[in-house]
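A short write-up of the structure that comes next.
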Amino acid sequence: MTGARISDSLMYGHLWGTPAVRAVFEERGRLQGWLDVLAALARAQAAEGVVPAAAAESITAHAKADLLDLGAVAAGTRETGHSTLGLIRALAEVLPDDVHRHLYVGATVQDLTDTWTATALRTVLAELRGDLQRAEAAALDLAQRHRDTLMAGRTHGQPGSPVTFGWKAASWADELRRHLDRLDEGSPRWLVGQLGGGVGSLAAPNTIAVRRRFCAELGLADPGISWLTARDRIAEVGVVLAMVTGTLARIGNEVFELQRPEIGEVREPVAEGVVGSITMPHKRNPERSEHLDTLARLARASAAVLMEGMSGVHERDGRSWKAEWVALPEVCLLASAACAMGADLLAGLEVDEAAMRRNLDSYTGSEQVLAVLTERLGRHAARAALQSALAAGRRAGRPMTETLVDAGLLGADEAAAMTPSAGCCGEMVELVVARHRSGS
(Lines give C-alpha, C1' and ligand atoms only; values in the text may rest on other atoms or scores of the structure.)
Protein backbone atom coordinates (compact mmCIF):
# COMPACT_ATOMS: atom_id res chain seq x y z
CA MET A 1 0.00 0.00 0.00
CA THR A 2 2.41 2.67 -1.22
CA GLY A 3 1.89 5.49 -3.67
CA ALA A 4 2.08 9.20 -4.35
CA ARG A 5 -1.24 9.88 -2.67
CA ILE A 6 -1.14 10.26 1.10
CA SER A 7 -4.26 8.12 1.33
CA ASP A 8 -2.21 5.21 -0.07
CA SER A 9 0.75 5.64 2.26
CA LEU A 10 1.88 3.07 4.78
CA MET A 11 1.79 5.71 7.51
CA TYR A 12 -1.61 7.28 6.88
CA GLY A 13 -3.57 4.91 4.66
CA HIS A 14 -5.68 3.62 7.58
CA LEU A 15 -7.26 7.08 7.90
CA TRP A 16 -8.72 7.03 4.39
CA GLY A 17 -10.08 3.53 3.84
CA THR A 18 -10.51 0.10 5.39
CA PRO A 19 -8.34 -2.87 4.37
CA ALA A 20 -11.33 -4.77 2.95
CA VAL A 21 -12.40 -1.95 0.64
CA ARG A 22 -8.83 -1.07 -0.25
CA ALA A 23 -8.29 -4.68 -1.38
CA VAL A 24 -11.13 -4.29 -3.89
CA PHE A 25 -9.60 -1.27 -5.58
CA GLU A 26 -5.86 -1.90 -5.37
CA GLU A 27 -4.35 -2.93 -8.70
CA ARG A 28 -4.11 -6.67 -8.25
CA GLY A 29 -7.62 -6.83 -6.80
CA ARG A 30 -9.02 -4.75 -9.66
CA LEU A 31 -7.26 -6.83 -12.33
CA GLN A 32 -8.52 -10.05 -10.77
CA GLY A 33 -12.00 -8.57 -10.79
CA TRP A 34 -11.68 -7.80 -14.49
CA LEU A 35 -10.42 -11.32 -15.18
CA ASP A 36 -13.40 -12.76 -13.31
CA VAL A 37 -15.68 -10.75 -15.59
CA LEU A 38 -13.90 -12.02 -18.71
CA ALA A 39 -14.24 -15.61 -17.48
CA ALA A 40 -17.95 -15.11 -16.73
CA LEU A 41 -18.48 -13.72 -20.24
CA ALA A 42 -16.81 -16.78 -21.80
CA ARG A 43 -18.99 -19.14 -19.74
CA ALA A 44 -22.16 -17.27 -20.69
CA GLN A 45 -21.19 -17.30 -24.35
CA ALA A 46 -20.40 -21.01 -24.19
CA ALA A 47 -23.82 -21.71 -22.67
CA GLU A 48 -25.43 -19.91 -25.62
CA GLY A 49 -23.22 -21.54 -28.25
CA VAL A 50 -21.14 -18.44 -29.08
CA VAL A 51 -17.79 -20.02 -28.06
CA PRO A 52 -16.81 -23.63 -27.38
CA ALA A 53 -17.31 -24.90 -23.83
CA ALA A 54 -13.68 -26.06 -23.72
CA ALA A 55 -12.51 -22.54 -24.53
CA ALA A 56 -14.62 -21.11 -21.71
CA GLU A 57 -13.19 -23.65 -19.29
CA SER A 58 -9.65 -22.76 -20.34
CA ILE A 59 -10.26 -19.02 -20.01
CA THR A 60 -11.75 -19.53 -16.54
CA ALA A 61 -8.80 -21.68 -15.46
CA HIS A 62 -6.21 -19.16 -16.66
CA ALA A 63 -7.97 -15.94 -15.64
CA LYS A 64 -5.82 -15.51 -12.54
CA ALA A 65 -3.84 -12.37 -11.82
CA ASP A 66 -1.07 -14.49 -10.29
CA LEU A 67 -0.46 -16.12 -13.67
CA LEU A 68 0.08 -12.82 -15.47
CA ASP A 69 3.09 -10.55 -15.73
CA LEU A 70 1.63 -7.33 -14.37
CA GLY A 71 4.63 -5.40 -15.65
CA ALA A 72 3.83 -6.63 -19.15
CA VAL A 73 0.17 -5.70 -18.67
CA ALA A 74 1.18 -2.15 -17.73
CA ALA A 75 3.67 -1.88 -20.60
CA GLY A 76 1.10 -3.16 -23.09
CA THR A 77 -1.46 -0.64 -21.85
CA ARG A 78 0.96 2.23 -22.35
CA GLU A 79 2.19 1.01 -25.75
CA THR A 80 -1.27 0.47 -27.24
CA GLY A 81 -2.95 3.44 -25.65
CA HIS A 82 -5.89 1.11 -24.99
CA SER A 83 -7.35 0.60 -21.53
CA THR A 84 -7.51 -3.21 -21.57
CA LEU A 85 -5.49 -4.45 -24.54
CA GLY A 86 -2.41 -4.93 -22.37
CA LEU A 87 -4.46 -7.19 -20.07
CA ILE A 88 -6.02 -9.13 -22.96
CA ARG A 89 -2.64 -9.76 -24.57
CA ALA A 90 -1.10 -10.89 -21.28
CA LEU A 91 -3.97 -13.29 -20.69
CA ALA A 92 -3.69 -14.61 -24.25
CA GLU A 93 -0.02 -15.37 -23.57
CA VAL A 94 -0.98 -17.96 -20.96
CA LEU A 95 -3.87 -19.45 -22.95
CA PRO A 96 -3.60 -22.25 -25.52
CA ASP A 97 -3.28 -20.87 -29.06
CA ASP A 98 -6.67 -22.22 -30.15
CA VAL A 99 -8.44 -20.32 -27.34
CA HIS A 100 -7.17 -16.81 -28.14
CA ARG A 101 -9.94 -15.99 -30.59
CA HIS A 102 -12.64 -16.93 -28.07
CA LEU A 103 -11.48 -14.37 -25.52
CA TYR A 104 -13.33 -11.08 -25.01
CA VAL A 105 -15.74 -11.70 -27.90
CA GLY A 106 -18.00 -8.78 -28.80
CA ALA A 107 -17.30 -6.89 -25.57
CA THR A 108 -15.72 -3.50 -24.92
CA VAL A 109 -13.67 -1.86 -22.19
CA GLN A 110 -16.80 -0.34 -20.69
CA ASP A 111 -18.62 -3.67 -20.63
CA LEU A 112 -15.73 -5.03 -18.63
CA THR A 113 -15.22 -2.10 -16.27
CA ASP A 114 -18.88 -1.26 -15.63
CA THR A 115 -19.65 -4.87 -14.80
CA TRP A 116 -16.63 -5.09 -12.52
CA THR A 117 -17.74 -1.86 -10.84
CA ALA A 118 -21.03 -3.51 -9.91
CA THR A 119 -19.25 -6.51 -8.39
CA ALA A 120 -16.90 -4.16 -6.51
CA LEU A 121 -19.84 -2.17 -5.17
CA ARG A 122 -21.42 -5.36 -3.88
CA THR A 123 -18.36 -5.99 -1.71
CA VAL A 124 -18.11 -2.35 -0.63
CA LEU A 125 -21.77 -2.06 0.30
CA ALA A 126 -21.61 -5.22 2.39
CA GLU A 127 -18.65 -3.79 4.29
CA LEU A 128 -20.36 -0.45 4.85
CA ARG A 129 -23.61 -2.10 5.87
CA GLY A 130 -21.85 -4.08 8.60
CA ASP A 131 -20.21 -1.01 10.11
CA LEU A 132 -23.39 1.06 9.83
CA GLN A 133 -25.24 -1.66 11.71
CA ARG A 134 -22.58 -1.53 14.42
CA ALA A 135 -22.95 2.23 14.62
CA GLU A 136 -26.73 2.00 14.77
CA ALA A 137 -26.60 -0.62 17.53
CA ALA A 138 -24.21 1.54 19.58
CA ALA A 139 -26.42 4.61 19.11
CA LEU A 140 -29.51 2.65 20.18
CA ASP A 141 -27.69 1.42 23.27
CA LEU A 142 -26.82 5.01 24.19
CA ALA A 143 -30.42 6.03 23.54
CA GLN A 144 -31.82 3.42 25.89
CA ARG A 145 -29.25 3.93 28.64
CA HIS A 146 -29.68 7.69 28.58
CA ARG A 147 -33.39 7.91 27.82
CA ASP A 148 -33.87 10.22 30.80
CA THR A 149 -30.41 11.78 31.11
CA LEU A 150 -31.18 15.49 31.03
CA MET A 151 -28.92 17.90 29.19
CA ALA A 152 -29.18 21.30 27.59
CA GLY A 153 -30.58 21.30 24.09
CA ARG A 154 -28.65 23.81 21.99
CA THR A 155 -29.78 25.91 19.06
CA HIS A 156 -27.40 28.17 17.12
CA GLY A 157 -24.68 27.03 19.52
CA GLN A 158 -26.49 28.37 22.59
CA PRO A 159 -28.28 26.50 25.41
CA GLY A 160 -32.03 26.32 24.80
CA SER A 161 -34.52 24.00 26.47
CA PRO A 162 -33.75 20.68 28.16
CA VAL A 163 -33.54 17.49 26.11
CA THR A 164 -32.14 14.08 26.98
CA PHE A 165 -28.92 12.61 25.70
CA GLY A 166 -30.82 9.44 24.86
CA TRP A 167 -33.05 11.45 22.54
CA LYS A 168 -29.99 12.89 20.80
CA ALA A 169 -28.51 9.41 20.34
CA ALA A 170 -31.86 8.10 19.10
CA SER A 171 -31.84 10.74 16.37
CA TRP A 172 -28.44 9.41 15.27
CA ALA A 173 -29.72 5.83 15.22
CA ASP A 174 -32.81 6.86 13.27
CA GLU A 175 -30.74 8.61 10.60
CA LEU A 176 -28.33 5.69 10.34
CA ARG A 177 -31.29 3.36 9.83
CA ARG A 178 -32.48 5.48 6.90
CA HIS A 179 -29.06 5.06 5.29
CA LEU A 180 -29.24 1.30 5.77
CA ASP A 181 -32.65 1.40 4.10
CA ARG A 182 -31.19 3.43 1.22
CA LEU A 183 -28.46 0.85 0.69
CA ASP A 184 -31.02 -1.94 0.64
CA GLU A 185 -33.36 -0.05 -1.68
CA GLY A 186 -30.61 1.08 -4.03
CA SER A 187 -28.70 -2.18 -4.39
CA PRO A 188 -31.07 -3.76 -6.95
CA ARG A 189 -30.64 -0.66 -9.13
CA TRP A 190 -26.88 -0.41 -8.70
CA LEU A 191 -25.78 -4.04 -8.91
CA VAL A 192 -26.38 -4.68 -12.61
CA GLY A 193 -24.09 -5.87 -15.38
CA GLN A 194 -23.17 -4.21 -18.67
CA LEU A 195 -22.85 -5.87 -22.07
CA GLY A 196 -23.62 -3.58 -24.95
CA GLY A 197 -20.76 -3.88 -27.41
CA GLY A 198 -19.58 -0.92 -29.47
CA VAL A 199 -22.54 1.43 -29.12
CA GLY A 200 -24.73 -0.47 -26.67
CA SER A 201 -26.89 -2.17 -29.31
CA LEU A 202 -25.70 -5.66 -28.30
CA ALA A 203 -24.77 -6.71 -31.81
CA ALA A 204 -23.99 -10.29 -32.85
CA PRO A 205 -22.60 -12.59 -31.70
CA ASN A 206 -23.92 -11.51 -28.33
CA THR A 207 -27.64 -11.53 -27.54
CA ILE A 208 -29.99 -10.66 -24.72
CA ALA A 209 -29.76 -14.29 -23.62
CA VAL A 210 -25.96 -14.05 -23.44
CA ARG A 211 -26.16 -10.87 -21.42
CA ARG A 212 -28.69 -12.39 -19.04
CA ARG A 213 -26.46 -15.43 -18.46
CA PHE A 214 -23.40 -13.20 -18.14
CA CYS A 215 -25.00 -11.17 -15.37
CA ALA A 216 -26.28 -14.28 -13.62
CA GLU A 217 -22.78 -15.81 -13.66
CA LEU A 218 -21.61 -12.85 -11.58
CA GLY A 219 -24.65 -12.66 -9.32
CA LEU A 220 -25.77 -9.37 -10.89
CA ALA A 221 -29.12 -8.27 -12.25
CA ASP A 222 -29.68 -7.87 -15.98
CA PRO A 223 -30.01 -4.14 -16.78
CA GLY A 224 -32.68 -4.55 -19.43
CA ILE A 225 -31.01 -1.93 -21.61
CA SER A 226 -27.41 -0.81 -22.02
CA TRP A 227 -26.41 2.10 -19.79
CA LEU A 228 -23.17 3.29 -21.36
CA THR A 229 -23.95 6.99 -20.90
CA ALA A 230 -26.81 6.62 -18.41
CA ARG A 231 -24.66 7.17 -15.34
CA ASP A 232 -27.44 7.80 -12.82
CA ARG A 233 -26.68 4.53 -11.01
CA ILE A 234 -23.09 5.55 -10.30
CA ALA A 235 -24.10 9.09 -9.39
CA GLU A 236 -26.78 7.82 -7.02
CA VAL A 237 -24.54 5.44 -5.14
CA GLY A 238 -21.89 8.16 -4.82
CA VAL A 239 -24.39 10.65 -3.42
CA VAL A 240 -25.81 8.10 -0.98
CA LEU A 241 -22.33 7.29 0.32
CA ALA A 242 -21.58 10.99 0.68
CA MET A 243 -24.82 11.33 2.65
CA VAL A 244 -23.71 8.50 4.92
CA THR A 245 -20.45 10.31 5.65
CA GLY A 246 -22.44 13.50 6.23
CA THR A 247 -24.48 11.85 8.98
CA LEU A 248 -21.35 10.47 10.60
CA ALA A 249 -19.82 13.95 10.39
CA ARG A 250 -22.88 15.33 12.20
CA ILE A 251 -22.31 12.83 14.98
CA GLY A 252 -18.59 13.58 14.99
CA ASN A 253 -19.16 17.33 15.14
CA GLU A 254 -21.54 16.87 18.07
CA VAL A 255 -18.92 14.90 19.99
CA PHE A 256 -16.23 17.40 18.95
CA GLU A 257 -18.28 20.25 20.48
CA LEU A 258 -19.51 18.45 23.59
CA GLN A 259 -15.98 17.24 24.40
CA ARG A 260 -14.69 20.80 24.74
CA PRO A 261 -13.52 21.12 28.38
CA GLU A 262 -15.85 24.05 29.09
CA ILE A 263 -18.76 21.71 28.21
CA GLY A 264 -17.22 18.29 28.92
CA GLU A 265 -20.38 16.23 28.49
CA VAL A 266 -18.94 13.42 26.34
CA ARG A 267 -15.50 12.11 25.44
CA GLU A 268 -14.49 9.89 22.60
CA PRO A 269 -12.59 6.71 23.51
CA VAL A 270 -8.81 6.83 23.50
CA ALA A 271 -6.73 3.70 23.02
CA GLU A 272 -3.73 3.01 25.23
CA GLY A 273 -0.65 4.79 23.92
CA VAL A 274 -2.49 7.45 21.88
CA VAL A 275 -0.87 10.89 22.23
CA GLY A 276 -3.08 13.98 22.16
CA SER A 277 -0.39 16.63 21.83
CA ILE A 278 3.40 16.44 21.93
CA THR A 279 3.74 19.98 23.29
CA MET A 280 0.60 20.11 25.48
CA PRO A 281 0.29 16.74 27.28
CA HIS A 282 -2.90 17.77 29.11
CA LYS A 283 -4.89 17.72 25.86
CA ARG A 284 -7.24 14.93 24.82
CA ASN A 285 -7.94 15.70 21.20
CA PRO A 286 -11.15 14.44 19.54
CA GLU A 287 -9.24 12.84 16.66
CA ARG A 288 -11.97 10.50 15.41
CA SER A 289 -14.72 13.09 15.68
CA GLU A 290 -12.69 15.66 13.82
CA HIS A 291 -11.65 13.23 11.10
CA LEU A 292 -15.25 12.22 10.37
CA ASP A 293 -15.89 15.76 9.16
CA THR A 294 -12.75 15.68 7.00
CA LEU A 295 -13.87 12.42 5.38
CA ALA A 296 -17.32 13.84 4.66
CA ARG A 297 -15.89 16.92 2.93
CA LEU A 298 -13.78 14.79 0.61
CA ALA A 299 -16.64 12.36 -0.05
CA ARG A 300 -18.92 15.21 -1.12
CA ALA A 301 -16.26 16.41 -3.56
CA SER A 302 -15.96 12.96 -5.15
CA ALA A 303 -19.75 12.57 -5.29
CA ALA A 304 -19.95 15.86 -7.17
CA VAL A 305 -17.61 14.46 -9.83
CA LEU A 306 -19.90 11.45 -10.21
CA MET A 307 -22.89 13.76 -10.61
CA GLU A 308 -21.06 15.51 -13.44
CA GLY A 309 -20.95 12.18 -15.27
CA MET A 310 -24.69 12.25 -15.84
CA SER A 311 -24.30 14.71 -18.71
CA GLY A 312 -22.42 12.33 -21.05
CA VAL A 313 -23.22 12.53 -24.76
CA HIS A 314 -24.30 10.06 -27.45
CA GLU A 315 -23.65 6.35 -26.91
CA ARG A 316 -20.28 6.54 -25.15
CA ASP A 317 -18.43 9.37 -23.47
CA GLY A 318 -15.07 8.65 -21.86
CA ARG A 319 -14.99 12.03 -20.12
CA SER A 320 -17.65 11.12 -17.60
CA TRP A 321 -17.07 7.38 -17.46
CA LYS A 322 -13.30 7.53 -16.85
CA ALA A 323 -13.69 10.23 -14.21
CA GLU A 324 -15.57 7.56 -12.27
CA TRP A 325 -12.41 5.43 -12.22
CA VAL A 326 -10.95 7.96 -9.78
CA ALA A 327 -14.01 9.36 -8.01
CA LEU A 328 -15.97 6.18 -7.26
CA PRO A 329 -13.15 4.27 -5.50
CA GLU A 330 -12.40 7.45 -3.60
CA VAL A 331 -15.92 7.91 -2.23
CA CYS A 332 -16.10 4.19 -1.41
CA LEU A 333 -12.82 4.28 0.51
CA LEU A 334 -13.75 7.46 2.36
CA ALA A 335 -17.16 6.06 3.30
CA SER A 336 -15.59 2.82 4.53
CA ALA A 337 -13.22 4.72 6.81
CA ALA A 338 -16.06 6.90 8.10
CA CYS A 339 -18.38 3.97 8.84
CA ALA A 340 -15.71 2.00 10.69
CA MET A 341 -14.52 5.06 12.61
CA GLY A 342 -18.05 6.20 13.45
CA ALA A 343 -19.01 2.77 14.76
CA ASP A 344 -15.92 2.66 16.99
CA LEU A 345 -16.58 6.18 18.23
CA LEU A 346 -20.15 5.43 19.26
CA ALA A 347 -19.31 2.05 20.77
CA GLY A 348 -16.74 3.57 23.12
CA LEU A 349 -18.29 6.99 23.76
CA GLU A 350 -17.94 8.17 27.37
CA VAL A 351 -20.91 10.11 28.74
CA ASP A 352 -20.58 12.45 31.74
CA GLU A 353 -24.09 12.72 33.19
CA ALA A 354 -22.92 15.00 36.00
CA ALA A 355 -21.52 17.51 33.51
CA MET A 356 -24.75 17.41 31.54
CA ARG A 357 -26.75 18.21 34.66
CA ARG A 358 -24.28 20.89 35.70
CA ASN A 359 -24.58 22.62 32.34
CA LEU A 360 -28.36 22.53 32.55
CA ASP A 361 -28.62 25.86 34.28
CA SER A 362 -31.97 27.29 35.32
CA TYR A 363 -32.29 29.50 32.26
CA THR A 364 -32.82 26.48 29.99
CA GLY A 365 -36.33 26.24 31.49
CA SER A 366 -37.57 29.48 29.95
CA GLU A 367 -39.74 27.63 27.39
CA GLN A 368 -41.55 25.92 30.26
CA VAL A 369 -42.15 29.27 31.98
CA LEU A 370 -43.35 30.81 28.71
CA ALA A 371 -46.06 28.16 28.47
CA VAL A 372 -47.28 29.08 31.99
CA LEU A 373 -47.24 32.82 31.40
CA THR A 374 -48.88 32.58 27.97
CA GLU A 375 -52.10 31.41 29.65
CA ARG A 376 -52.10 34.60 31.71
CA LEU A 377 -50.67 37.26 29.44
CA GLY A 378 -50.97 35.93 25.91
CA ARG A 379 -47.97 34.61 23.99
CA HIS A 380 -46.51 37.86 22.68
CA ALA A 381 -46.85 39.77 25.94
CA ALA A 382 -45.47 36.81 27.90
CA ARG A 383 -42.46 36.51 25.58
CA ALA A 384 -41.68 40.24 25.84
CA ALA A 385 -41.96 40.25 29.64
CA LEU A 386 -39.80 37.15 29.98
CA GLN A 387 -37.14 38.41 27.60
CA SER A 388 -36.82 41.68 29.51
CA ALA A 389 -36.74 40.05 32.95
CA LEU A 390 -34.33 37.28 31.98
CA ALA A 391 -31.92 39.69 30.31
CA ALA A 392 -31.76 41.69 33.53
CA GLY A 393 -31.32 38.52 35.59
CA ARG A 394 -28.48 37.34 33.38
CA ARG A 395 -26.68 40.64 33.73
CA ALA A 396 -27.06 40.47 37.50
CA GLY A 397 -25.96 36.84 37.63
CA ARG A 398 -29.14 35.71 39.38
CA PRO A 399 -31.00 32.40 38.94
CA MET A 400 -33.99 32.46 36.61
CA THR A 401 -36.62 31.50 39.18
CA GLU A 402 -35.45 34.16 41.63
CA THR A 403 -35.46 36.75 38.86
CA LEU A 404 -39.02 35.90 37.80
CA VAL A 405 -40.35 35.97 41.35
CA ASP A 406 -38.85 39.41 41.93
CA ALA A 407 -40.32 40.62 38.63
CA GLY A 408 -43.75 39.45 39.71
CA LEU A 409 -44.07 37.01 36.86
CA LEU A 410 -44.12 33.88 39.05
CA GLY A 411 -45.18 33.16 42.60
CA ALA A 412 -42.66 31.65 44.99
CA ASP A 413 -44.53 28.34 45.06
CA GLU A 414 -44.68 28.23 41.26
CA ALA A 415 -40.97 28.92 41.01
CA ALA A 416 -40.14 26.20 43.53
CA ALA A 417 -42.22 23.71 41.54
CA MET A 418 -40.35 24.41 38.32
CA THR A 419 -38.20 21.41 37.38
CA PRO A 420 -36.44 20.79 34.07
CA SER A 421 -38.64 18.97 31.58
CA ALA A 422 -37.51 17.35 28.35
CA GLY A 423 -40.98 17.19 26.89
CA CYS A 424 -41.61 14.02 24.89
CA CYS A 425 -37.94 13.08 24.43
CA GLY A 426 -38.31 9.79 26.29
CA GLU A 427 -41.35 8.77 24.28
CA MET A 428 -39.55 9.50 21.02
CA VAL A 429 -36.65 7.33 22.15
CA GLU A 430 -39.08 4.47 22.73
CA LEU A 431 -40.61 4.94 19.27
CA VAL A 432 -37.19 4.74 17.60
CA VAL A 433 -36.20 1.65 19.61
CA ALA A 434 -39.53 -0.06 18.90
CA ARG A 435 -39.23 0.66 15.18
CA HIS A 436 -35.74 -0.86 15.19
CA ARG A 437 -36.92 -3.98 17.00
CA SER A 438 -39.81 -4.45 14.57
CA GLY A 439 -37.47 -4.05 11.61
CA SER A 440 -39.67 -1.36 10.04
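The values are calculated or read from the model by the stated rules, or taken from the named source; none is laboratory data. Note that the structure is predicted; figures quoted are calculated from it, not measured. Note that we place each Cβ from the backbone using ideal geometry, even for glycine, and neighbour counts take in every protein chain shown. What goes into the accessible areas is simple: the full protein's heavy atoms, side chains included, and nothing from ligands, DNA or RNA. Shrake-Rupley method; radii C 1.70, N 1.55, O 1.52, S 1.80 Å.
Ordered from longest to shortest, the equivalent ellipsoid semi-axes for segment 93-182 are 53, 14, 8 Å, each the square root of 5 times a Cα gyration tensor eigenvalue. The charge dipole of the chain, taken about the Cα centre with unit charges on the Cβ atoms of Lys, Arg (+1) and Asp, Glu (-1), comes to about 580 debye, rounded to the nearest 20.
When the label point is put 7 Å from the Cα of GLU27 along its Cα-to-beta-carbon vector, which residues of segment 112-131 have a backbone N closer than 19 Å? Under 19 Å, as judged by backbone N against the label point of GLU27, lie 113 of segment 112-131.
Could you tell me how far the Cα centroid of segment 57-89 sits from the Cα centroid of segment 123-160, in Å? Value for the Cα centre distance between the two parts: 47 Å. Restriction of the GluC sites (Glu not before Pro) in segment 304-347 to DSSP coil positions whose beta-carbon has at most 16 other beta-carbons within 10 angstrom yields GLU315.
Ranking ALA75, THR123, ILE263 by Cα position along the charge dipole of the chain, where only Lys, Arg, Asp and Glu carry charges on their C-beta atoms, puts ILE263 farthest toward the positive end. Note on segment 124-277: with charges restricted to the Cβ of Lys and Arg (+1) and Asp and Glu (-1), its dipole about the Cα centre is near 460 debye.
According to the Cα-based calculation, Rg over Rh for segment 316-437 is 1.29, with Rh computed by the Kirkwood formula. With Rh defined as the Kirkwood radius, the inverse of the mean 1/r over Cα pairs, the Rg/Rh of segment 240-390 is 1.21. Against the criterion of solvent-accessible heavy-atom surface with a 1.4 angstrom probe, GLU265, GLU375 sort, most first, into GLU375, GLU265. If R0 is taken as 45 Å, the Cβ-Cβ distance between ARG394 and HIS14 corresponds to a FRET efficiency of 0.45.
Go ahead and run the numbers for FRET between GLN368 and ASP222, Cβ-Cβ distance against an R0 of 56 Å, rounding to 0.05. My answer for the efficiency is 0.40.
Taking one quarter of the surface of the C-alpha convex hull of segment 138-224 gives a mean projected area of 9.6 nm². Over segment 1-59, the pair-distance histogram of Cα-Cα distances with 10 Å bins from zero comes to 22, 31, 19, 17, 11, 0 percent, rounded to whole numbers. Per the Kirkwood formula applied to alpha carbons, segment 24-91 shows a radius of gyration over Rh ratio, Rg over Rh, of 1.01. Taking the Cα centre of segment 388-440 as origin and assigning +1 to Lys and Arg Cβ atoms and -1 to Asp and Glu Cβ atoms, the resulting dipole is close to 320 debye.
Taking ARG395, ARG297 and ordering them by how much accessible surface each has at a 1.4 Å probe, largest first, produces ARG395, ARG297. In this simple spin-label model, placing a label point 7 Å from the Cα along the Cα-to-Cβ direction at both ASP69 and ILE6 gives a separation of 3.9 nm.
Candidate values [x] 1.22; [y] 1.31; [z] 0.99 were compared with Cα Rg over 2.2 N^0.38 Å computed on the shown model; the agreeing label is [y].
Taking max minus min of the alpha-carbon positions on each principal axis, segment 395-440 gives extents of 53, 24, 12 Å, largest first. Run through every distinct alpha carbon pair of segment 1-127 and return the Kirkwood hydrodynamic radius in angstroms, one decimal place. Taking every pair of different Cα atoms in segment 1-127, averaging 1/r and inverting gives 15.7 Å. If you take all other residues with their beta carbon under 13 Å from the beta carbon of ARG357, and give Lys and Arg +1 and Asp and Glu -1, the sum is -4. Positive-end ranking of MET310, LEU103, GLY17 along the dipole of the chain, with charges on Cβ about the Cα centre, is headed by MET310.
Taking every DSSP helix (H) stretch of at least 4 residues in the chain, weighting each as -39,500 (n - 2.57) and dividing the sum by the residue count yields a mean residue ellipticity at 222 nm of -21000 deg cm²/dmol.
For segment 175-232, the fraction of C-alpha pairs more than 14 angstrom apart is 59%. Applying 1/(1 + (r/R0)^6) with R0 = 35 Å to the Cβ-Cβ distance of THR80 and GLU350 gives a FRET efficiency near 0.05. Average 1/r across all pairs of distinct alpha carbons in segment 369-416, invert it, and you get the Kirkwood radius: 10.6 Å. Across all Cα pairs in segment 149-279, the calculated P(r) in 5 Å bins from zero up to the longest distance comes to 2, 8, 12, 13, 11, 9, 9, 8, 6, 6, 6, 5, 3, 1, 0 percent per bin.
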